[in-house]
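Just below is one structure, and these are the notes that go with it.
Since every read-out is calculated from the coordinates, none of them should be taken as a lab result. This structure is a prediction, so every number in the text was calculated from the model and none was measured. FYI the Cβ positions are ideal-geometry reconstructions off the backbone, even for glycines, and counts take in every protein chain you see.
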Amino acid sequence: MPQYLLLLHESSTAAAGISPGEMEAIIKRYGAWSANVAAKGHMRGGNKLQDGTGRVMQVSAGRLSVTDGPYAESKEVLGGYFLIEASDYDEAVRVAGDCPHLDFGKIEIREIEPTE
């Protein structure tokens, strides 16, 4: 079955003003959502990414450059990801459709290239 990466994008200010109690409730919603997705046989993995960490590597004019990143020039961050299995993009959209992350940002869905 095809696998899809759900990339959780949000603005750098998405969590501003959220109290510890509200954050705890949000984390519980993510846990319930991911448990439900797993119970239906779709979940293959996922995790939150460290805030403010990462590097961007690129080669330009034959020279390797490594800069702080990601997204140093924008106000959008990649907050985490889930790896799911779904029969097609439509099913992947249905699985992601009630993810709590949609209250804070957007979800990019990318199909994983099969290895065989």
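Worth pointing out:
- Net length available on complete extension from LEU78 to ASP90 is 2.0 nm, with 0.36 nm assigned per residue and the Cα-Cα distance removed.
- LEU102/MET1 FRET efficiency (R0 22 Å; Cβ-Cβ; nearest 0.05): 0.40
- Note that segment 34-41 has calculated 3J(HN,Hα) couplings of 5, 5, 5, 4, 5, 4, 7, x Hz, one per residue in order, obtained from phi through the Karplus relation 6.51 cos²θ - 1.76 cosθ + 1.60 (θ = phi - 60°); glycine and proline are x.
- With at most 12 other Cβ atoms within 10 Å, longest stretch of the chain clear of loop trypsin sites (Lys or Arg not before Pro) (DSSP): 76-116
- Projected label points at GLU111 and ARG44, each 7 Å from Cα along the beta carbon direction, are separated by 1.3 nanometres.
- Cα-centre dipole for segment 3-111 with unit charges at Cβ (Lys and Arg positive, Asp and Glu negative), debye to 20: 260
- Here the Karplus curve 6.51 cos²θ - 1.76 cosθ + 1.60, taken at θ = phi - 60°, turns the phi angles of segment 20-31 into couplings of x, x, 5, 5, 4, 5, 5, 4, 5, 5, 4, x Hz, with x standing for Gly and Pro.
- Environment charge at ASN36 (Cβ cut-off 14 Å; Lys +1, Arg +1, Asp -1, Glu -1): +3
- Against the set (i) 1.00; (ii) 1.17; (iii) 1.21, the structure's computed Cα Rg over 2.2 N^0.38 Å falls on (iii).
- Summarising the amide proton neighbourhood of LEU49: residues at separation of 5 or more, or on other chains, whose placed amide H is nearer than 5 Å comprise GLY80, TYR81.
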